[in-house]
Amino acid sequence: MSHILVTGATGGLGQAVVENLLKTISSSDISVLVRDPAKAANLQAQGVTIRQGDYNDYASLVKAFAGVEKLFLVSGNDIPNRVPQHTNAINAAKEAGVQHVVYTSFQRKTEDGSSAAAFVAEAHLATEKLLQESGLTYTILRNALYFEVLPLFMGPVLQTGTIYLPAGEGRSAYASRADLGAAGAAVLAGQGHAHKSYDLATAQSYSFHDVARLLSELSGQEIRYVSPTAEEFGTALAGAGVPAEAIHMTTGFSVAIGQGEFDFPSTDLEKLLGHAPLSLREFLKEAYKL
Ligand SMILES: NC(=O)c1ccc[n+]([C@@H]2O[C@H](COP(=O)([O-])OP(=O)(O)OC[C@H]3O[C@@H](n4cnc5c(N)ncnc54)[C@H](OP(=O)(O)O)[C@@H]3O)[C@@H](O)[C@H]2O)c1
């Protein structure tokens, strides 16, 4: 087995990738890139090699990627700085002799800046282009929105009885972060994924009417869906003391859902997993303990 390095392994997705890799390949074939090794003590205890590095520090990446054949590059979460960070990672991969880079990108309908979630698009689009022009073998995972963002966007919906989001009639295909991690591990440990892009999402997309209906069924109480305008939504949240950054993020993603930016149901995820991914119903049942 070739040596694999997973970045972002102290985060939710990277952790899920490593946990799944450990089920199929030896820990001696796995390294992780972390900023703070103390956060990866659990992985070290399982025999995973810890390499310290930061996307902002090119030299640290070249050093960390030495001897690595496959790199799982988790997109960073420092949105304004991701283009130089990912550029560092890809250039360092080339310099270190990495053969294959698997990148966690995102689903989208438009690439022209008209999406309300365009603020997260720039780095993904630039990174995909860089990879395609790099001469490296690459695989692009167009990850769906995580199911896990739904409770963050919807707030304490069982208490309020209302999903209040400016997403209109838009539908979105989601996936659990655990399933996306398992699919990433399947790509790393498997063959035949060179120069391919996968839409990693459930095979069905859902509107917030669907989410409200499922939550109503599961909880036995009526959950309504109300879609304000983006302006009304922003004003209401600001009035409730929600920080501006959180309002910007939730509004942007909700409006983008309304625009159909993430409506890409696909069977790619199921094929990579070898079983049906977690459904929205199962997710809601678990997340809200219903
Ligand atoms: N599809 C979706 O719905 C969705 C939702 C949220 C995020 N995302 C994207 O998907 C990525 C993975 O998701 P996640 O849930 O695993 O995010 P997460 O839990 O926030 O993890 C992000 C990981 O990236 C690492 N990281 C951040 N900046 C870095 C840097 N400068 N150098 C090296 N490592 C760095 C973090 O390390 P530390 O532990 O040191 O901070 C952490 O391990 C996110 O970073 C974001 O780009 C997608």
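Select the helices (runs of 4 or more DSSP H) contained entirely in region 133-238, then report the ones holding at least 1 residues which are at pLDDT 95 or above and more than 28 Å from residue 30 (Cα to Cα).
Values: elements: 149-154, 157-160, 177-189, 208-219.
Where helices (runs of 4 or more DSSP H) fall fully within region 133-238 and carry at least 1 residues being at pLDDT 95 or above and more than 28 Å from residue 30 (Cα to Cα), they are 149-154, 157-160, 208-219.
I'd like to check something: does region 70-85 contain any residue that is more than 13 Å from the ligand (Cβ to nearest atom) and modelled with pLDDT of 95 or more?
First, pick out the residues of region 70-85 that are more than 13 Å from the ligand (Cβ to nearest atom): 70.
Filter once more, keeping what is modelled with pLDDT of 95 or more: 70.
Yes: region 70-85 contains one or more residues that are more than 13 Å from the ligand (Cβ to nearest atom) and modelled with pLDDT of 95 or more.
Would you point out the residue of region 1-50, among those that are away from the ligand (no atom under 14 Å from the Cβ) and in a strand (DSSP E or B), that is farthest from residue 146 (Cα to Cα)?
Among those residues, the one meeting the criterion is 49.
From the list 47, 12, 53, exactly one residue is touching a strand residue (DSSP E or B) at 6+ places or on another chain (Cβ under 7 Å) and either crowded, with 23+ Cβ neighbours inside 10 Å or modelled with pLDDT of 95 or more (or both). Which is it? Explain how you work it out, then say what you get.
Details: 47 fails: touching a strand residue (DSSP E or B) at 6+ places or on another chain (Cβ under 7 Å); 12 fails: touching a strand residue (DSSP E or B) at 6+ places or on another chain (Cβ under 7 Å).
Just a single option satisfies the conditions, and that option is 53.
Do you know which residues across region 86-104 are within 14 Å of the ligand (Cβ to nearest atom), in a strand (DSSP E or B) and without any contact (Cβ under 8 Å) to a residue 60 or more places away in the chain? Walk me through it before giving the result.
From region 86-104, those within 14 Å of the ligand (Cβ to nearest atom) are 86-90, 92-93, 102-104; that's our starting set.
Checking the rest, the ones that are also in a strand (DSSP E or B) come to 102-104.
103 - this is the single residue of region 86-104 that is within 14 Å of the ligand (Cβ to nearest atom), in a strand (DSSP E or B) and without any contact (Cβ under 8 Å) to a residue 60 or more places away in the chain.
If you take the residues in region 51-69 that are within 15 Å of residue 90 (Cβ to Cβ) and touching a residue at least 60 places away in the same chain (Cβ under 8 Å), which one is nearest to the ligand (Cβ to nearest atom)?
65
Cβ contacts < 6 Å: first residue in contact (Cβ under 8 Å) with a residue 24 or more places away in the chain, restricted to region 148-164; second residue more than 16 Å from the ligand (Cβ to nearest atom) and open to solvent by 60 Å² or more (accessible area, probe 1.4 Å), any location; separation 6+ or different chain. Result?
Qualifying pairs under 6 Å: 162/224.
Report whether or not residue 211 is open to solvent by less than 60 Å² (accessible area, probe 1.4 Å), touching a His at 6+ places or on another chain (Cβ under 7 Å) and not charged (D, E, K, R).
On the way: open to solvent by less than 60 Å² (accessible area, probe 1.4 Å): yes; touching a His at 6+ places or on another chain (Cβ under 7 Å): no; not charged (D, E, K, R): yes.
No, not satisfied.
Just checking, which of 63, 70 is closer than 21 Å to residue 195 by Cβ, open to solvent by 20 Å² or more (accessible area, probe 1.4 Å) and over 17 Å from the mean Cα position of the chain (by Cα)? Lay out the reasoning, then the answer.
Values: 63 fails: closer than 21 Å to residue 195 by Cβ.
It is 70.
The values are calculated or read from the model by the stated rules, or taken from the named source; none is laboratory data. Note that this is a predicted model, so its numbers are computed, not measured. Cβ atoms come from the backbone with ideal geometry, glycine included; neighbour counts cover every protein chain shown. All accessible areas refer to the heavy atoms of the entire protein, side chains included, with ligands and DNA or RNA removed. Shrake-Rupley method; radii C 1.70, N 1.55, O 1.52, S 1.80 Å.
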